[in-house]
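For reference, the structure is listed below as structure tokens.
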Amino acid sequence: AGARLALSGRREDALRQVAGAGDLIAPLDVADSASLQQALEQIRGDWQGVDMVVYCAGVYQPMRSWELDPALVRETLSINLQGVYNLLEAVLPDYLENGRGSLCLIASVAGYTGLPKALAYGPSKAALMISGIR
């Protein structure tokens, strides 16, 4: 009751399809720190801050060890793991200054034991689970 929702993602058209009345659309790419900062500035401008961030960004490309594609590994780690640190860089200063703020990171069962064809995805989600970000 009374919550306001800002939706972010790389595809503005997809965000508009799921947005409800009163929701704020703030397109961004978690792999791009400047993009995150720009979206946060938009939200700050409209709402004077962020109370909670739910990080549900992720990319999965099927890959086995004998099909190693270094470019896909880099993309997966950039979005699934480095993106979290980019997010922290963007929101932590406000959280610390205000003495409040919440962060929810969505990982995956693939982080526990891995899944077939999850050569990069599984480790990227496992890293979120053991990162100590709390």
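The values are calculated or read from the model by the stated rules, or taken from the named source; none is laboratory data. As the structure is a computational prediction, the values presented were derived from the model and not from experiment. All Cβ positions, even for glycine, are placed from backbone atoms using ideal geometry, and neighbour counts span all protein chains on display. Ligands, DNA and RNA are stripped out before the accessible areas are found, and what is left, the full protein with its side chains, is counted by its heavy atoms. Shrake-Rupley method; radii C 1.70, N 1.55, O 1.52, S 1.80 Å.
Values computed for the structure shown
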quantity	calculated
Paramagnetic label zone (point 7 Å from Cα along Cα-to-C-beta, N98; backbone N under 17 Å) in region 33-58	37-55
Probe 1.4 Å, all protein chains present, accessible-area order of D32, D94, largest first	D32, D94
222 nm mean residue ellipticity, helices alone, for the chain (DSSP H n ≥ 4; -39,500 (n - 2.57); rounded to 500)	-13000 deg cm²/dmol
Fully extended contour minus Cα-Cα distance, from D69 to D46, at 0.36 nm per residue	4.2 nm
Principal axis dimensions, the chain - Cα atoms, whole angstrom, descending	49, 33, 29
Local electrostatic count at A6 - Lys and Arg +1, Asp and Glu -1, tallied over other residues with Cβ under 10 Å	-1
On Cα atoms only, tilt of 83-98 relative to the major axis of the chain in degrees	30 degrees
Net charge of neighbours whose Cβ lies under 13 Å from the Cβ of V18, counting Lys and Arg as +1 and Asp and Glu as -1	-1
